[in-house]
Each structure stands twice: as C-alpha cells, then as structure tokens.
Amino acid sequence: MAKKLMKGAEAIGEAAVQAGCHLFFGYPITPQNEIPEYLSSRMPQVGGAFVQAESEVASINMLYGAAGAGERVMTSSSSPGISLMAEGISYCAGAELPVVIVNIMRAGPGLGGILPSQADYFQTTKGMAHGDFRLLALAPWSIQEAADLVQDAFDLADYYRNPVMVVGDGLIGQMMEPVEFYEDRQPIKELPPKTWASTGWKRDRPKAIINSLFLDPAELERHNFHLKEKYDLMERDEVRFATYGAVDSADVVIIAYGTVARVCLSAIEALEQEGIKVAMVRPITLWPFPYKAVREVASKAKDILVVELSTGQMIEDVRLALHRPRPIHFHCRLGGMLVSPEEVIDKVKAIKAGTSEEVQHA
Amino acid sequence: MFSRQVTVLVGHFGSGKTEIALNGALDLAARGERVTLADLDVVKPYFRARSARFILAEAGVDLIAPEGENVYADLPIIVPRVRDVLRRPQGKVILDVGGDGTGARVLGSITDVLPKTGMNVLVVVNFSRPSTPDPAGAVAMVREIERVSRVRVTGLISNTHMLEETTPEIVVSGAEQAVRAGNELGLPVVASAVHQDMASSVNGALPCSIFVLNRIVKPPFEVQPQRRTMGPLFVLN
C-alpha cells in the first residue's frame with residue numbers, strides 16, 4: 001500500500017485493522033480520542049464492530065469476553081483510563097487472554113493534564129494491578145513504529161496468551177508522519193489455532209472455560225508457575241532495543257525511550273558536530289527491559305544520562321542493568337512540558353564539565 | 001490567498017489549516033498589515049495555533065484564543081471576542097477552524113457576524129491524508145463542511161505533502177487533483193502551499209499559484225532553539 005500521512009492515532013487504529021482485529025471497545029479520553037474516532041468509521045467497513053462502552057471498566061471486560069471467544073480485540077485509553085482498566089487487565093492475564101491495550105500517556109497523577117508524559121512507566125512495567133503477572137510493553141518512537149508494533153502486539157498477545165500494551169506519550173497519538181502498511185506482512189510468531197477459545201461446546205473436545213478463579217491452592221500455585229514460565233520466555237525472547245551514536249567509546253551514554261529518544265538523537269547529532277561523542281540505548285520493550293544492552297553500551301562511557309518525562313521511574317531499571325554503582329545523571333520535564341534538544345545538549349556538556357549533580361543512590 | 005478582509009480556513013482533520021493560518025498571519029504582519037488570527041479549533045488537543053502565541057505576539061499578530069489554563073483545555077471554547085472582531089474587522093482576519101465537519105460546526109454559531117462580502121472560505125486539501133485519498137474524497141469533504149457550517153466555500157488550497165518525505169511529484173500531483181476536485185465543485189484552486197525548500201523545483205509545474213510555507217508546526221525534536229512556543233506544538237521552554 002502507498003504511504004499515507006497519518007496521525008499516530010489513525011495509524012494505530014489502521015494497524016489494528018491490518019492485524020485482523022475487528023473488535024474495538026473503548027471509552028473517550030484525551031489525547032487518544034482519535035483512535036476510537038478512526039475505528040468507529042473503519043470497523044464497519046471491514047465487517048467489524050466498534051462499541052463505545054459506558055466506562056473503561058466495561059471496555060476491558062468486553063475485551064475479556066471477545067478474547068475468550070478467540071477474537072483479536074483492542075482497546076485504547078490514556079493514563080487515568082488505564083488505571084480504571086487495571087483490574088480487568090489482571091483478569092485477562094489470569095485467564096490467559098490475548099488482548100492489546102494502547103496507552104497514550106498524559107501527565108498525572110490524578111486527572112493531571114492532557115499533554116504528553118511518560119509517568120506511567122512504573123504502572124506499565126511493575127505495578128499494573130494485583131496478582132503475579134507481567135505485561136509485555138512496547139514503546140514506539142515514531143508513527144511508523146507505532147503502526148508496526150501494534151501489529152506485532154497482536155501476534156505476541158496470541159502467542160503468549162497474555163495482555164500486550166503499546167505505550168506512547170501524547171505525541172505518539174497526536175503527531176503526524178508518513179506511514180506504510182505492508183500487504184504481505186506475516187505474523188512474527190507461529191500461531192497455533194485457538195483451541196482453548198470458548199466458541200461453543202459440541203461434545204467434540206474438553207469444555208473451553210475462560211476463568212481466573214482457582215480456589216484450590218495447589219492448582220493456583222501450578223497456574224502461577226505456568227504463568228511464570230511464560231514470563232521467563234518473554235524475558236528470554238522478546239527484549240527489543242535500538243542503539244545509536246558513538247560506537248567504540250563515548251563521553252556519555254543516554255538511556256531514553258519513545259519520542260524523548262528522538263529529542264536525544266537530535267542532541268546527539270548536534271553534539272557530534274562539536275566533537276562530543278554520545279551513545280544511546282533506546283528500550284523498545286519497557287518490559288522485558290533490555291538490561292544486557294544497557295549494561296554493554298554503558299560500559300563505553302563513565303557517565304550515564306537518563307532522560308524521561310517522569311521524575312526518574314526508569315532509573316531503577318538502569319541501575320539494575322549496571323550491576324554496580326555508576327554515575328547516573330538525570331534530566332526530565334514534567335506535567336506535559338517537553339524536553340528540548342538544547343536542554344539535552346546543555347546537560348551532556350554539564351556532565352562533561354563536572355557540574356552536573358549525580359542521582360544519589362539510597 | 002489572504003486578499004479579502006476575512007479568510008476562513010476549513011478542511012479535513014490534519015490537512016494543514018493551522019500551518020497555513022500561521023504562515024499567512026506572519027506573512028501579512030511582515031508586510032505591515034494589521035492581522036487578527038482566531039484559533040477556533042475545537043477538534044485537536046495539540047498542535048493548535050494558540051501554542052504559537054509567542055511567535056505571533058513578537059510579529060504583532062493579534063491572537064484570539066482561550067486564555068489562562070484554558071489555553072490547554074480540550075473543551076469546545078469559542079472566545080466571544082471573535083464576534084466583535086468580525087462585526088468591526090480592522091485589518092485582515094484569519095479564522096483557523098477545526099478539522100472535518102465536526103470542526104466546521106463552529107462556523108454555524110457565528111454565521112450572523114460573518115461578512116456577506118469580502119470573505120474567502122478556503123478548504124485546505126492534502127491528498128496524502130487517508131480521509132481524502134482522491135478528488136472524490138475532497139468533493140465529499142467540501143460538501144460535508146458546507147452542510148454543517150452553513151457557509152459557502154469559495155476556493156481550495158492544495159496542500160499535498162508527506163512532511164520530510166515530500167517530493168516535487170507529490171506536490172504537483174496533489175495540485176492537479178485539487179484542480180480536478182475544484183472543477184467538479186465549480187471552485188478555483190487559489191494556491192498550492194509549498195515548503196520553501198521545494199518552491200523552486202515545483203514553480204512552473206503547478207496548475208495554480210504558489211504559497212510558500214515555512215514549517216512552524218513541529219514536534220520538539222525538529223525545533224530550532226530560537227522558536228519560543230507553548231504547548232506541544234513545537235517546543236516548550
């Protein structure tokens with residue numbers, strides 16, 4: 001298909017359709033309303049269904065039902081709406097349901113504001129909801145990558161029978177870039193038929209029951225160990241990242257994800273002109289986090305700089321990656337304010353000059 | 001393109017109305033004209049003309065837009081002053097209206113103060129956008145906007161581009177498609193908007209006049225430091 005100039009929200013919606021998702025259930029919230037808006041007119045064209053639910057709680061439980069029937073299904077929301085869906089996401093993980101959830105993050109906590117943020121990092125990677133489960137989380141930095149990752153998300157969700165989240169800051173929902181969809185795209189995983197799905201019992205197989213309630217503790221323990229095996233596989237096989245900038249040795253190594261990494265790349269290119277060498281690791285999967293890549297690239301420089309639209313939630317994972325205490329510096333903007341390339345340039349120069357304060361280890 | 005006293009920019013979501021409105025206002029101001037730019041966008045929450053308030057203020061453009069906290073609100077706020085300005089316009093007035101029929105609905109609420117003469121209502125079209133893939137799509141968009149806004153469209157602005165991936169062929173083919181849509185609607189294509197870096201390579205090949213653009217609406221990673229703006233138009237400082 002020829003390239004189109006698309007808003008992130010339109011590309012995310014179209015990517016779902018291209019991935020064979022014919023069901024969308026959601027509830028409006030800025031800055032992702034254009035995803036449901038797009039799908040409200042697109043789903044009928046492909047014989048699919050769009051439902052504006054009465055709430056986020058209803059939406060995620062509609063996903064539970066549709067996924068349980070073996071259908072590809074998606075919802076999208078923004079930070080406060082994702083919090084409302086948290087219980088249902090835990091149920092989907094417990095019942096091993098493949099669902100795709102898009103979070104276009106806005107600034108919080110509480111209602112916060114409608115401008116871009118990355119403050120849901122902890123929520124996405126560590127504490128989405130109750131119980132022992134993990135969420136595979138993909139973080140695009142461009143509209144093309146958002147379109148690609150949404151399609152991959154459906155394959156990953158089906159393969160692992162687990163919720164997958166595509167997480168972007170507000171700009172990923174709102175900005176516009178050229179996007180291409182490939183008609184001959186193949187699934188990234190070998191996907192067996194969904195024999196586990198609850199599609200009507202004709203006495204030809206064991207009953208397919210979708211459930212997350214296990215009253216027998218021995219059975220629940222077995223279930224928890226089974227889930228853990230899946231999460232171990234994801235940690236082994238699904239880590240995604242990209243590296244940029246200086247190859248051999250660097251003055252500073254930056255860790256950043258999403259559109260913030262693009263701001264950092266603009267800064268890295270400008271710094272290169274001045275002879276300052278900076279390397280960058282961009283996590284594409286926030287969970288599983290690219291610990292090994294961060295450790296390897298960080299070994300090129302004495303100083304590490306984390307840049308985020310949060311108060312430093314990713315620093316914890318960077319520390320875990322490093323294995324031993326290393327100088328970590330941090331730059332952020334909050335509340336919907338955005339990091340600019342010159343802020344990153346100034347910070348890198350301050351680190352080099354020894355005037356930047358390190359993040360204190362507890 | 002901004003020859004009449006009042007210019008209303010309408011068109012589909014993401015067609016480039018705000019970019020053209022900002023460029024038009026700054027061009028007129030640079031030529032010493034008195035300009036008022038009204039941000040009537042009730043559709044998109046980011047990349048609105050109001051985010052360029054510092055650039056506009058420095059150029060002496062009078063911006064009509066929500067103020068205080070409401071600058072950032074995703075609420076359908078129409079600042080009442082727009083009615084006063086339209087009743088007694090001084091200098092040129094540009095109305096930057098939100099996308100699609102949904103955005104154009106705003107015009108329906110101010111039809112009583114829109115001038116009967118001396119007004120251009122221009123539909124901005126980008127054929128690279130999914131909602132208007134061809135001239136038939138543009139014709140449907142114009143009719144939808146006229147139906148919802150109860151205002152007659154007087155012309156088209158061709159704005160087909162692919163941002164960084166724009167080629168002269170994309171620009172020229174877009175202008176030709178705009179002419180085909182215009183012929184079906186009985187409307188002129190008043191100009192083709194072209195980025196300044198591409199102007200020399202398409203001039204002469206276009207079936208209409210050219211409106212040279214500076215790109216102002218940008219995400220933060222593409223912004224030069226000297227641009228002071230507000231909101232995630234561009235950059236925040």
Within region A:308-334, can you find the residues that are part of a loop (DSSP other than H, G, I, E, B), away from chain B (no Cβ under 14 Å) and under 20 Å from residue A:282 (Cα atoms)?
A:310, A:311, A:312, A:313, A:314, A:323, A:326, A:327
The lone exception for residue B:128 - which of (1) free of Cβ contacts under 8 Å to residues at least 60 places away in the same chain; (2) out of contact with any His (no Cβ under 7 Å at 6 or more places or on another chain); (3) within 14 Å of chain A (Cβ to nearest Cβ) it fails:
(2)
Helices (runs of 4 or more DSSP H) enclosed by region B:67-169 - at least 3 residues per element that are β-branched (Val, Ile, Thr)
B:135-149
Members of region B:47-57 that are open to solvent by 30 Å² or more (accessible area, probe 1.4 Å) and either within 14 Å of chain A (Cβ to nearest Cβ) or in contact (Cβ under 8 Å) with a residue 40 or more places away in the chain (or both):
B:53, B:54
I'd like the full set of residues that are assigned to a helix (DSSP H, G or I) and open to solvent by 10 Å² or more (accessible area, probe 1.4 Å), limited to region A:129-146.
A:144, A:145
Residues being of a type in the set (Lys, Arg) and modelled with pLDDT under 95 - total across region B:105-132:
2
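Within region A:94-116, count every residue that is under 21 Å from residue A:153 (Cα atoms), assigned to a loop (DSSP other than H, G, I, E, B) and either touching a strand residue (DSSP E or B) at 6+ places or on another chain (Cβ under 8 Å) or open to solvent by less than 10 Å² (accessible area, probe 1.4 Å) (or both).
Result for region A:94-116: 4.
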Among (1) part of a loop (DSSP other than H, G, I, E, B); (2) under 21 Å from residue A:24 (Cβ atoms); (3) within 13 Å of the chain's Cα centre (by Cα), residue A:149 falls short only on (1)
Has region A:58-75 got any residue that is farther than 28 Å from residue A:308 by Cα and in contact with an Asp or Glu (Cβ under 6 Å, 6 or more places away or on another chain)?
no
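Do any helices (runs of 4 or more DSSP H) lying entirely in region A:7-71 carry at least 3 residues that are within 18 Å of the chain's Cα centre (by Cα), assigned by TED's automatic domain parsing to the domain that holds residue A:106 and of a type outside the set (Gly, Ala, Ser), and which ones are they?
Result: A:8-18.
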Being closer than 24 Å to residue A:288 by Cβ and of a type in the set (Lys, Arg) is the filter here, so list the residues in region A:308-362 that pass it.
A:319, A:324, A:326
Checked region A:335-348 for anything within 14 Å of chain B (Cβ to nearest Cβ) and at pLDDT 95 or above; matches are A:344, A:345, A:346
Within region B:91-103, does at least one residue satisfy the condition of being under 23 Å from residue B:174 (Cα atoms), in contact with a helix residue (DSSP H, G or I) (Cβ under 7 Å, 6 or more places away or on another chain) and surrounded by fewer than 21 Cβ atoms within 10 Å (Cβ to Cβ)?
yes
When you look at residue B:192, is it among the hydroxyl-bearing types (Ser, Thr, Tyr) and either part of a strand (DSSP E or B) or at pLDDT below 90 (or both), yes or no?
yes
So residue A:247 fits all but one of (1) touching a residue at least 24 places away in the same chain (Cβ under 8 Å); (2) under 29 Å from residue A:65 (Cα atoms); what number is the exception?
(2)
A careful count of residues in region B:139-179 that are farther than 23 Å from residue B:198 by Cα, charged (D, E, K, R) and out of contact with any Lys or Arg (no Cβ under 9 Å at 6 or more places or on another chain) gives 5
Taking region B:62-84 as the search range and keeping residues that are open to solvent by less than 20 Å² (accessible area, probe 1.4 Å) and in contact with a strand residue (DSSP E or B) (Cβ under 9 Å, 6 or more places away or on another chain), which one is nearest to the other protein chains (Cβ to nearest Cβ)?
B:66
Out of (1) at pLDDT below 95; (2) within 14 Å of chain B (Cβ to nearest Cβ), the one residue A:127 does not meet is (2)
Qualifying residue in region A:159-177 (condition: open to solvent by 30 Å² or more (accessible area, probe 1.4 Å) and within 22 Å of residue A:336 (Cα to Cα))
yes
Filter the strands (runs of 3 or more DSSP E) completely within region A:159-246 down to those with at least 3 residues that are farther than 30 Å from residue A:37 by Cβ.
A:241-245
Counting only residues that are within 14 Å of chain A (Cβ to nearest Cβ) and either open to solvent by 40 Å² or more (accessible area, probe 1.4 Å) or at pLDDT below 95 (or both), region B:133-160 contains a total of 4
Do the conditions hold for residue B:9, that is, is it in a strand (DSSP E or B), open to solvent by less than 10 Å² (accessible area, probe 1.4 Å) and of a type outside the set (Phe, Trp, Tyr)?
yes
I need every pair where a residue in region A:124-141 that is over 27 Å from residue A:262 (Cα atoms) has its Cβ under 9 Å from the Cβ of a residue that is open to solvent by less than 20 Å² (accessible area, probe 1.4 Å) and among the β-branched types (Val, Ile, Thr), sequence separation at least 6 or different chains.
A:129/A:89; A:133/A:89; A:134/A:125
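The values are calculated or read from the model by the stated rules, or taken from the named source; none is laboratory data. Everything numeric here is computed off the predicted structure, so don't read it as measured data. Note that each Cβ is placed from the backbone with ideal geometry, even for glycine, and that neighbours are counted across all protein chains shown. Just so you know, the surface numbers come from the protein's heavy atoms only, side chains and all, with ligands and any DNA or RNA stripped out. Shrake-Rupley method; radii C 1.70, N 1.55, O 1.52, S 1.80 Å.
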